[in-house]
């Protein structure tokens, strides 16, 4: 037995207290007046019964209670407990089984299952085990269980997934299990192909002292385990021919092996139909790009895939994508009655360039602007003109409220009466001249989608433009200032109206009041501005496996598939129906499989669906490995200092604090001391009563 | 002769609790209450009306007062005979009261001094009712107050009793020695004290008064706590007169103490008896009229033995 706080034993000196109290000659302070002391002999206390211990039992009871109290504060614990437990042979075993898609390489998975099953079969009757399946995340079955049958069944039913290898989460989970365990021997068995790409996440993970991590590599040492060819990705090139959009697919194929690959068939498929096949040669550890012939797209998105001849790792031999038709943003520029086209020259030319998205620009003068002009338009630009009036203004307001975008650019003729400014984010003032070098933008909200493109270094300097005149605007509370001039006046102000957006630009969009139109940032600026007002989102051709998709952020895509405000269900590539609306995290979909996910209306059987392609992370295709022992030594804690017992198996060495906390002996001593104090009280009271009765 | 209180209770006497009469502030009223009640309860007793009873004849001696010649006997015998009576109805009655600090002790709500004052007052009142001359001497280590015996001094005696306080340590011998000069005429003297002296010292101090021809009685007043020593806790005891402190374990000393007190009392009583001094012990829980019984019993004995 040892003590965590042995200094408390100095408290044993208090044992002398009851003895001293009992023995010491101590006159009481209260004085009894008596007529005469002639009959009273002066008898000191120590000469009488106080010097004699009358009741040894009571004294021992008191001393024992105090001794127990002191011992409890000294925090005792038994060192032999862990040794005793070792003799019983109890182990806490955690089997970490890698199920990343690289485990599908050859017969790795079956060998891994066999290794895990063998560990389970070797468990003793007192041993407890946990099986953790991991790829980029970790999933645990029954924790610390002795039911070997259920664990074996769990291993047998498991299959490799589509995730990448990350050792960190699984090892941290195992560390938590070990810390919660009260068994003396902690053992972990890590069964994996030990890809180098997964090691980085394991930094900082350290098992409790005495834990033994046994790595089990399932790679075939006799073969070239790095031999793997994969489709690394595809890119699209769009072109318009005869009013139809044509899409060219470029596929990049990578060879990670040390041997060249020749005559590799690379096939493009659309809607499960083979479109074109090329034969490609790949150098060792190299890649090539295969360019397929253009394909004319219809109005609907189509599922596509690029396949290569199957090798030992099939998962990365196919790359899935969704080819959506290119989107066009329809922009209406409304200029003043004098120079509608001339004033919009820079803007219309800038929007005419580009394909992602493409802009269809129409220009009207304010006099020609009416309600029918808004049909099919997504963005309206009121460029240096007065506001529309009457029914046209009402229609414009409705247009914005229903989700349209309105850009108001100030100028000499953009005179808005207070009644007409209900749409604007503020009230316009008279133009301010900035003579000389003019003003510039001093504050820009680079977190806003319009400006985030310019936030990075060497991404374009929007503050380089000079502004010689602009209109001040008194911003309303509901508006947000996105940019300010160097004198503090707002330059770009945004306001939400209904489902739409209104943006006010305080200067002109040509080179009359500023030279922004002459700067390189002009084109991306107006593109981002028009795309933002049109709520333009690029439909992702594919998503990586493991991504959690927030469907609330895909409203525009769901709207195109008529899937808004309905209960949704996702059908995974393996055909599993996932109720997105009623899942644990409603509105979120975790992509765990490779292939095409279909998101449908859960209550109908209509064909309308949103299709998403999911592809595995190609970092897992790099099959280079690390030394398993290197990973094990980095994760294992301090060794047991050479102390090995019970068949040379390391014994977990608890710290004294842990031993003391787990055993909690002090608690029992405290209860015992309390009991003795109660007994002492009862005994002493009884003795006192007996003494009085005798007197 | 020890007096059994229950005997008088059966005679219909209402004993008076000292703690009750202590509430009566006026000492004369207190004495009258106690004594009148005592007399009423004893109206059939044989002790009253004995003051002028005829005792015997003796032959005339020259110088005798011719008023006491029994002329009837002279007529029959032609000789002069003198009539003699049993008692002097106008004797001097004085109380010698100890007012030392030890008398200020009390554990039952009444101090020994209070009890002694009430007792003295009652005795003086009773004697005055019998036309005796009453006097008082109060002492500690010397004579504190002295009121000569007189038929008119009852008021003064009661007043002095009312005002007295126990202030100093006591010493029996010096005041007793001085008092022999004060009581020239034969008197009945009652010495009231707690007598915390050596028994021989007590008797040696009182004996001169007896030798002077006085009828002397010793009334010892003690508190019940002084007799039984009922203390439980070990404490420091302080002598009221000397201020000396002493650590005491009562449970250890109790039996010894009781034995010592008993021996002391017995020794004083024995020595008093040898010197024809009456002795009586009163504890302050004893009714006052109980004390009066003792007193009257003594007077009867004195008269018979004279």
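The values are calculated or read from the model by the stated rules, or taken from the named source; none is laboratory data. Small disclaimer: the values here were computed from a predicted structure and weren't measured. Cβ sites come from the backbone with ideal geometry, for glycine too, and all protein chains shown count toward neighbours.
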Problem - Residues satisfying the stated conditions in segment A:45-66, i.e. surrounded by 13 or more Cβ atoms within 10 Å (Cβ to Cβ), outside any helix (DSSP H, G or I) and either within 12 Å of another protein chain (Cβ to nearest Cβ) or at pLDDT below 60 (or both) - result: A:48
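Out of B:241, B:263, which single residue is out of contact with any helix residue (DSSP H, G or I) (no Cβ under 6 Å at 6 or more places or on another chain) and either without any contact (Cβ under 8 Å) to a residue 24 or more places away in the chain or closer than 27 Å to residue B:286 by Cβ (or both)?
Values: B:241 fails: out of contact with any helix residue (DSSP H, G or I) (no Cβ under 6 Å at 6 or more places or on another chain).
One residue alone meets the criteria, B:263.
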Exercise for the section: Working only within segment A:207-263, note down all residues that are part of a loop (DSSP other than H, G, I, E, B), surrounded by fewer than 16 Cβ atoms within 10 Å (Cβ to Cβ) and at pLDDT 80 or above. Expected result: A:258, A:259, A:260
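Could you count how many residues in segment A:329-359 are within 33 Å of the chain's Cα centre (by Cα) and either on the phi > 0 side of the Ramachandran plot or at pLDDT 90 or above (or both)? Give the derivation first.
Step one: list which residues in segment A:329-359 are within 33 Å of the chain's Cα centre (by Cα), which gives A:356-357.
This time we only want the ones that are either on the phi > 0 side of the Ramachandran plot or at pLDDT 90 or above (or both), so: none.
So the count comes out to 0.
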Problem - Hey, residue B:196 free of Cβ contacts under 8 Å to residues at least 24 places away in the same chain, part of a loop (DSSP other than H, G, I, E, B) and either facing chain A (nearest Cβ under 8 Å) or under 20 Å from residue B:266 (Cα atoms) (or both) or not - result: no
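Among A:17, A:95, A:70, which is at pLDDT 85 or above and over 30 Å from residue A:191 (Cβ atoms)?
Numbers: A:17 fails: at pLDDT 85 or above; A:95 fails: over 30 Å from residue A:191 (Cβ atoms).
The match here is A:70.
Of the residues B:144, B:95, which single one is modelled with pLDDT of 90 or more and either in a helix (DSSP H, G or I) or within 16 Å of the chain's Cα centre (by Cα) (or both)? Spell out the reasoning first.
Numbers: B:144 fails: either in a helix (DSSP H, G or I) or within 16 Å of the chain's Cα centre (by Cα) (or both).
Of B:144, B:95, the one residue that is modelled with pLDDT of 90 or more and either in a helix (DSSP H, G or I) or within 16 Å of the chain's Cα centre (by Cα) (or both) is B:95.
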Practice task
Go through the residues of segment A:402-414 one by one and say whether even a single one is at positive phi, in contact with a strand residue (DSSP E or B) (Cβ under 6 Å, 6 or more places away or on another chain) and touching a residue at least 60 places away in the same chain (Cβ under 8 Å).
Solution key: yes
Practice task
Identify the single condition in (1) within 8 Å of another protein chain (Cβ to nearest Cβ); (2) surrounded by fewer than 19 Cβ atoms within 10 Å (Cβ to Cβ); (3) in contact with a helix residue (DSSP H, G or I) (Cβ under 6 Å, 6 or more places away or on another chain) that residue B:283 does not satisfy, given that it satisfies every other one.
Solution key: (1)
Fill in the blank from the handout: With criteria (1) assigned to a loop (DSSP other than H, G, I, E, B); (2) more than 29 Å from the chain's Cα centre (by Cα); (3) touching a residue at least 60 places away in the same chain (Cβ under 8 Å), residue A:503 comes up short on (1)
Exercise for the section: Check whether at least one residue in segment A:5-14 is more than 8 Å from every other protein chain (Cβ to nearest Cβ), over 60 Å from the mean Cα position of the chain (by Cα), in a helix (DSSP H, G or I) and at pLDDT 65 or above, and report yes or no. Expected result: no
Completion exercise
The condition of being in a strand (DSSP E or B), surrounded by fewer than 21 Cβ atoms within 10 Å (Cβ to Cβ) and touching a helix residue (DSSP H, G or I) at 6+ places or on another chain (Cβ under 9 Å) holds, among A:483, A:442, only for A:442
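For segment B:214-233, name all the residues that are over 14 Å from residue B:257 (Cβ atoms) and within 14 Å of chain A (Cβ to nearest Cβ). Lay out the reasoning, then the answer.
Of the residues in segment B:214-233, the ones over 14 Å from residue B:257 (Cβ atoms) are B:214-221, B:233.
If the condition is that a residue be over 14 Å from residue B:257 (Cβ atoms) and within 14 Å of chain A (Cβ to nearest Cβ), then B:220, B:221, B:233 are the ones that fit.
Evaluate the following for residue B:211: is it within 11 Å of another protein chain (Cβ to nearest Cβ) and either surrounded by 22 or more Cβ atoms within 10 Å (Cβ to Cβ) or more than 16 Å from residue B:175 (Cβ to Cβ) (or both)? Give the derivation first.
Working: within 11 Å of another protein chain (Cβ to nearest Cβ): no; either surrounded by 22 or more Cβ atoms within 10 Å (Cβ to Cβ) or more than 16 Å from residue B:175 (Cβ to Cβ) (or both): yes.
So residue B:211 does not fit the description; no.
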Practice task
List the number of the failed condition for residue A:326; all other conditions in (1) at pLDDT 90 or above; (2) surrounded by fewer than 23 Cβ atoms within 10 Å (Cβ to Cβ) hold.
Solution key: (1)
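Can you find, within segment A:363-381, the residue that is farthest from residue A:536 (Cα to Cα) among those that are assigned to a strand (DSSP E or B) and under 44 Å from the mean Cα position of the chain (by Cα)? Break it down stepwise before answering.
Step one: list which residues in segment A:363-381 are assigned to a strand (DSSP E or B), which gives A:363-365, A:379-381.
Applying the additional criterion that residues be under 44 Å from the mean Cα position of the chain (by Cα) yields A:379-381.
Details: A:379: 11, A:380: 14, A:381: 16 Å.
Going through the qualifying residues, I end up with A:381.
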Handout entry: Single residue of B:229, B:195, B:183 found to be buried (at least 17 other Cβ atoms within 10 Å of the Cβ), modelled with pLDDT under 90 and touching a strand residue (DSSP E or B) at 6+ places or on another chain (Cβ under 8 Å)
Key = B:183
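Looking at A:407, A:424, A:396, which is the one that is at pLDDT 90 or above, closer than 22 Å to residue A:528 by Cβ and crowded, with 21+ Cβ neighbours inside 10 Å? Full working, then the answer.
Numbers: A:424 fails: at pLDDT 90 or above; A:396 fails: closer than 22 Å to residue A:528 by Cβ.
From the options A:407, A:424, A:396, the qualifying one is A:407.
Tell me which residues, restricted to segment B:234-274, are assigned to a helix (DSSP H, G or I), more than 30 Å from residue B:215 (Cβ to Cβ) and more than 7 Å from chain A (Cβ to nearest Cβ).
The first filter runs over segment B:234-274 and keeps only residues assigned to a helix (DSSP H, G or I), leaving B:250-274.
Those left that are additionally more than 30 Å from residue B:215 (Cβ to Cβ): B:250-260.
B:250, B:254, B:255, B:256, B:258, B:259 - these are the residues of segment B:234-274 that are assigned to a helix (DSSP H, G or I), more than 30 Å from residue B:215 (Cβ to Cβ) and more than 7 Å from chain A (Cβ to nearest Cβ).
Looking at segment B:103-141, which of its residues are in a loop (DSSP other than H, G, I, E, B) and either within 14 Å of chain A (Cβ to nearest Cβ) or under 19 Å from residue A:34 (Cα atoms) (or both)? Full working, then the answer.
At the first step, the residues of segment B:103-141 found to be in a loop (DSSP other than H, G, I, E, B) are B:105-111, B:130-132, B:140-141.
Listed by number, the residues that qualify are B:105, B:106, B:107, B:108, B:109, B:110, B:111, B:140, B:141.
Condition first: modelled with pLDDT of 70 or more and either facing chain B (nearest Cβ under 7 Å) or in contact with a strand residue (DSSP E or B) (Cβ under 6 Å, 6 or more places away or on another chain) (or both). Now tell me which residues in segment A:20-34 satisfy that.
Within segment A:20-34, the first condition is being modelled with pLDDT of 70 or more, and the residues that meet it are A:20, A:30-34.
Within segment A:20-34, A:30, A:31, A:32, A:33, A:34 qualify.
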Practice task
Determine if segment A:486-497 includes at least one residue that is out of contact with any helix residue (DSSP H, G or I) (no Cβ under 9 Å at 6 or more places or on another chain), part of a loop (DSSP other than H, G, I, E, B) and closer than 17 Å to residue A:346 by Cβ.
Solution key: no
